[in-house]
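Okay, so here's the structure we're looking at.
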Amino acid sequence: MPSPSPLRRNLPIWAFALTLAVLFGGALTGYLNARHLIMNERLAAHSDDAIVDLTGLLAALQNAETSQRGYLLTGRDAQLRSYKDASTRIQEEIAALRRTVKTSARQQARLGLLRQEIAQKLAQLDRTIALERAGDPAAAVAIVRTGAARALTREIREQIAAMRTAEDALLEQRASDSERRSQATIVAIVAPTLIGAILLGLVFYLSNRRMAELREADRHKDEFLALLAHELRGPLAPLRNGLELIKRSEAETLRQRACALMERQLEQLIGLVNDLLDASRVARGKIELHRALVEIGASVREVAEVERPLAEAAGLQLEAILPGEPLFVHGDPMRLTQVFRNLLQNARKYTETGGRIDIRLAAEHGQA
């Protein structure tokens, strides 16, 4: 199994970080939208209060005018008390309006003009009352009937109506903005949650996949090490036999053959150890093949010579029937030797004492 790239190894970590970023971004967006909604609700409450205050101001102004006219007609002090109550209420409503329209510069400017006009109107009303109390009702009535007084009242009503219209427009605008923000808040909560769930599922999938890859790599490693452990035992027996032969034999020819045999087995053992030390092949669980043109008869003959003393020691007869001419194949000489040795070792292991092991090599239809 190929080793995964760093990007692939870190993919679950990146997916988890992206999940956190999406969830955090959604939470932040939802929080900001919620704050804006709360602010809109407060401003809408101010507009509602302003409309109520404007309505109360207009009603108080009408009560003041009604009480003033009643006093001019009847001269009763009760009407005068009603006028004073209405005047006080007018000032209270103006003070309330100053608080409720403080967020709108245009409304504040309109309120400034309205206060001036109301002050002029109250001054007119106070003058007529003062003339009535001074015993000059005709002069008071003349002021009431002038066009300037009626025009001032009309301007006050128009100014109040304009302010109320502006507050209605603000209410509608804030309601529309609140609806839009509410939808955005829902999207900011639902969308990141869904995306986060999908990403978490992806993290879970990638993590499980990575764990499966690690388990598979571990399995390949175990199989590879088990194979090498088995193969490492192969050259040891011939090396031991060759060493014994060198110790016991005085014939130079046998000693040279034993040395050559031990040298070949040592080279094979070195190759196996190199395989074991190749960490990349351990991770992949693979053994590389080095193919070449191999005289297979020589390989079989060499293995048979190595295994014959072991077979005879076990009470077995080993016979090799090989072709007289060379028989070439395309393969890895070290691996082929391992295959032949394993076959003979298994045959020796599972053959009863007194049995026979035959090796036959021949060419049939161009195949060995």
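Rule-based calculations on the coordinates, nothing more; no lab input. As the structure is a prediction and not an experimental result, all values here were calculated from the model. Note: ideal-geometry Cβ built from the backbone for every residue, glycine included; neighbour counts use all protein chains shown.
Taking a Cβ cut-off of under 11 Å around Glu155, the surrounding Lys, Arg, Asp and Glu residues balance to a net charge of +2, with basic ones at +1 and acidic ones at -1. On the principal axes of its alpha carbon atoms, the chain extends 164, 42, 33 Å, with the longest extent given first.
Karplus-based coupling profile of the range 331-344, in residue order and whole Hz: x, 8, x, 5, 5, 5, 4, 4, 4, 4, 5, 4, 4, 5, with θ = phi - 60° in 6.51 cos²θ - 1.76 cosθ + 1.60 and x standing for Gly or Pro.
Report the percentage of all Cα-Cα pairs in the range 147-209 whose separation exceeds 21 Å, rounded to a whole percent. When all Cα pairs of the range 147-209 are counted, 61 percent exceed 21 Å. Residues whose amide H falls under 5 Å from that of Ala320, counting only those 5 or more places apart or on a different chain, are Ile359, with hydrogens built in the peptide plane.
Taking θ as phi - 60° and the Karplus parameters 6.51, -1.76 and 1.60, the scalar couplings of the range 156-161 work out to 4, 5, 5, 5, 5, 5 Hz in sequence order, x denoting glycine and proline. Distant-in-sequence amide contacts of Ala314, defined by a placed amide H-H separation under 5 Å and a gap of 5 or more residues or a different chain, comprise nothing. Relative to the longest principal axis of the Cα atoms of the chain, the long axis of helix 296-313 lies at roughly 70 degrees. Backbone amide hydrogens, once placed in the peptide plane, bring Asp332 within less than 5 Å of Ala292, excluding anything fewer than 5 places away on its chain.
With both bridge residues required to lie in the chain, what share of the DSSP beta bridges run antiparallel, to the nearest 5%? Around 50 percent antiparallel, to the nearest 5. Karplus-derived 3J(HN,Hα) values for the range 89-100, using 6.51 cos²θ - 1.76 cosθ + 1.60 with θ = phi - 60°, are 5, 4, 5, 5, 5, 5, 4, 5, 5, 4, 6, 7 Hz; glycine and proline are entered as x. Normalised radius of gyration (Cα atoms, divided by 2.2 N^0.38 Å) for the range 286-368: 1.16.
Relative to its Kirkwood radius, the Cα radius of gyration of the range 75-205 gives an Rg/Rh of 1.40. Under the criterion of Cα pairs below 8 Å and six or more residues apart, the relative contact order for the chain equals 18 percent. Binning all Cα-Cα separations of the range 115-185 at 5 Å, short to long from zero, yields these whole-percent fractions: 3, 15, 15, 14, 10, 9, 7, 6, 6, 5, 4, 3, 2, 1. In the range 327-368, the convex hull through the Cα atoms has an average projected area of 3.6 nm², a quarter of its surface area. The smallest convex shape that holds all Cα atoms of the range 36-141, its convex hull, gives 79 Å³ per residue.
Structural descriptor for the range 104-208: relative contact order 25 percent, calculated from alpha carbon pairs under 8 angstrom and at least 6 residues apart. Taking the Cβ of Glu132 as the center, what net charge do the other residues with Cβ under 13 Å away carry, scoring Lys and Arg +1 and Asp and Glu -1? Computed value for this residue: +1. Relative contact order of the range 1-148: 20 percent, from C-alpha pairs under 8 Å at least 6 residues apart in sequence.
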